[in-house]
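K.L.:
Okay, here's the structure, questions in a sec.
The values are calculated or read from the model by the stated rules, or taken from the named source; none is laboratory data. Worth saying up front: this structure is predicted, and the values here are computed from it rather than measured. All Cβ positions, glycine included, derive from the backbone under ideal geometry; neighbour counts span all protein chains shown.
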Amino acid sequence: MAFHTEDSADNVIENRLRFFKIFDIDHEKIVALNQVHGTEIVEVGRDNCGEGALPGNALQNADALITTRPGLTLCTYSADCLLIYYVAIDTPLVAIAHAGRQGTLGGMAEKVVKQIKARYGIKPGRLLTFLAPSICKNCYTVDSTLAEVFNHAGWGSSVYIEPTYGGLWNLNLAEINRAQLIRAGLDKENIDQSSICTSCRSDLFYSYRRERGKTGRMMGFISLVAGRGEKKVGQ
């Protein structure tokens, strides 16, 4: 579903056409980013429609999107990294974020909540979130240097990281992001979370770690349904 892999652009476009047809969405009117494993957040509107829909026309380097524009479909890519969906309960606003290792360290999940609050006055307690399928703790190992970085960042608890074989450590990206959302003020009952691992389930998902970098990308999306204030979500 992404143009930055070794798949042909024609195949990617055909995949997107088939995928978005299921949801009655025009694949040429989505918005997607050049994801850079950071914590930049972009607010988009009508003028951004179509950015990232075709090869080479994604204009912005960032890893999260926010919109209040009905009918605008926000998209992100993953192949083990975590995608986080945000929905405001009382306000027509949706957001989606990509949080890999660096984004998680940088507090992406929390930063989106803070920006929504600062820019739109929406209290964190009025947000719903969903953590999409991602690589599980048992499948995601990091070296001791990176483990120490997470430890110094405040994620040294065994819930988030713990030693395994050969000097490696198991890292739980999803639980760290969940903790960040709670720290940002979300109610626990407003955070839903998939238990499916992208690395374990080769029958369902691409996995960058499992395939050692040679793999495709999934796409997640969220949008406000034009004219009705409803939210549309998929992956």
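K.L.:
Which pairs do you get when a residue that is part of a strand (DSSP E or B), found in segment 148-163, comes within reach of a residue that is exposed (fewer than 14 other Cβ atoms within 10 Å of the Cβ), reach meaning Cβ atoms under 9 angstrom, with the pair 6+ apart or on two chains?
P.N.:
Once the first residue is part of a strand (DSSP E or B) and sits in segment 148-163, its partners that are exposed (fewer than 14 other Cβ atoms within 10 Å of the Cβ) give Pro163/Ser144.
K.L.:
Here is a list: Tyr140, Tyr120. Which entry is among the aromatic types (Phe, Trp, Tyr) and over 24 Å from Glu162 (Cβ atoms)?
P.N.:
Tyr120
K.L.:
Also, I was wondering about something else. Just need a number here: residues in segment 124-147 that are buried (at least 17 other Cβ atoms within 10 Å of the Cβ) and assigned to a helix (DSSP H, G or I).
P.N.:
3
K.L.:
I'd like the residue in segment 186-201 that is among the hydroxyl-bearing types (Ser, Thr, Tyr) and touching a residue at least 12 places away in the same chain (Cβ under 8 Å) and, out of all such residues, is farthest from Val113 (Cα to Cα).
P.N.:
Ser199
K.L.:
For segment 185-197, indicate whether the set of residues that are under 30 Å from Phe3 (Cβ atoms), modelled with pLDDT of 95 or more, part of a loop (DSSP other than H, G, I, E, B) and assigned by TED's automatic domain parsing to the domain that holds Ile84 is non-empty.
P.N.:
Checked segment 185-197: at least one residue is under 30 Å from Phe3 (Cβ atoms), modelled with pLDDT of 95 or more, part of a loop (DSSP other than H, G, I, E, B) and assigned by TED's automatic domain parsing to the domain that holds Ile84.
K.L.:
What is the one condition in (1) touching a Lys or Arg at 6+ places or on another chain (Cβ under 8 Å); (2) over 24 Å from Val225 (Cα atoms) that Glu40 does not satisfy?
P.N.:
Condition (1) is where Glu40 drops out.
K.L.:
Collect the residues in segment 164-184 that are surrounded by 17 or more Cβ atoms within 10 Å (Cβ to Cβ) and part of a loop (DSSP other than H, G, I, E, B), keeping them in residue-number order.
P.N.:
Within segment 164-184, Asn172, Ala184 meet the criteria.
K.L.:
Assess whether Gln102 counts as being touching a Ser or Thr at 6+ places or on another chain (Cβ under 9 Å), assigned to a helix (DSSP H, G or I), farther than 22 Å from Leu204 by Cβ and not β-branched (Val, Ile, Thr).
P.N.:
Yes; evaluated as a whole, the condition is true for this residue.
K.L.:
Let me ask another. Can you tell which of Leu82, Leu65, Leu59 is surrounded by 24 or more Cβ atoms within 10 Å (Cβ to Cβ) and free of Cβ contacts under 8 Å to residues at least 40 places away in the same chain?
P.N.:
Leu65
K.L.:
Please specify each residue of segment 90-100 satisfying the condition of being touching a residue at least 60 places away in the same chain (Cβ under 8 Å) and in contact with a Lys or Arg (Cβ under 8 Å, 6 or more places away or on another chain).
P.N.:
Val94
K.L.:
Just one of (1) touching a Pro at 6+ places or on another chain (Cβ under 6 Å); (2) part of a strand (DSSP E or B) trips up Val113, so point out which.
P.N.:
(2)
K.L.:
Limited to segment 9-36, what total is found for residues that are touching a helix residue (DSSP H, G or I) at 6+ places or on another chain (Cβ under 6 Å) and part of a strand (DSSP E or B)?
P.N.:
Selection size over segment 9-36: 1.
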